[in-house]
């Protein structure tokens, strides 16, 4: 079972990142979107996934949102892990 690590951007200090070597290419991978309810966040990320879908056959499987300054609910984390190879998350204004 794949794991998704969700980083909390509100913590102080450097954030350590790792690449997921299990995703060798985007082609036909399952993507999720986790927006933080800022204006246009979901719109921007859906446009990115739509372009990746067109170019690489990426499959959009989960589109969800969470409050900006709160943690991701455990149920949503489980849904993302179960249904997505990778997740794009972020914000926009």
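Each value in this text was obtained by applying a stated rule to the coordinates, not by laboratory testing. Everything numeric in this text was worked out from a predicted model, so none of it was measured. We place every Cβ from the backbone using ideal geometry, glycine too, and count neighbours over all the protein chains shown.
Return the Cα extents of region 37-90 along principal axes one, two and three, sorted largest first, each rounded to a whole Å.
Taking the Cα atoms of region 37-90, the three principal extents are 33, 27, 10 Å.
By counting other Cβ atoms within 10 Å of each Cβ, how are 42, 91 ranked from fewest to most?
Listed from fewest to most nearby Cβ atoms, that is 91, 42.
Distance in nm between label sites at residue 63 and residue 75, each 7 Å beyond Cα in the beta-carbon direction?
A separation of 2.1 nm, rounded to one decimal place.
Relative contact order for region 37-90 using alpha-carbon pairs under 8 Å, separation at least 6, rounded to a whole percent?
Values: 22 pairs, mean separation 22.5, N = 54.
The normalised contact order for region 37-90 reaches 42 percent.
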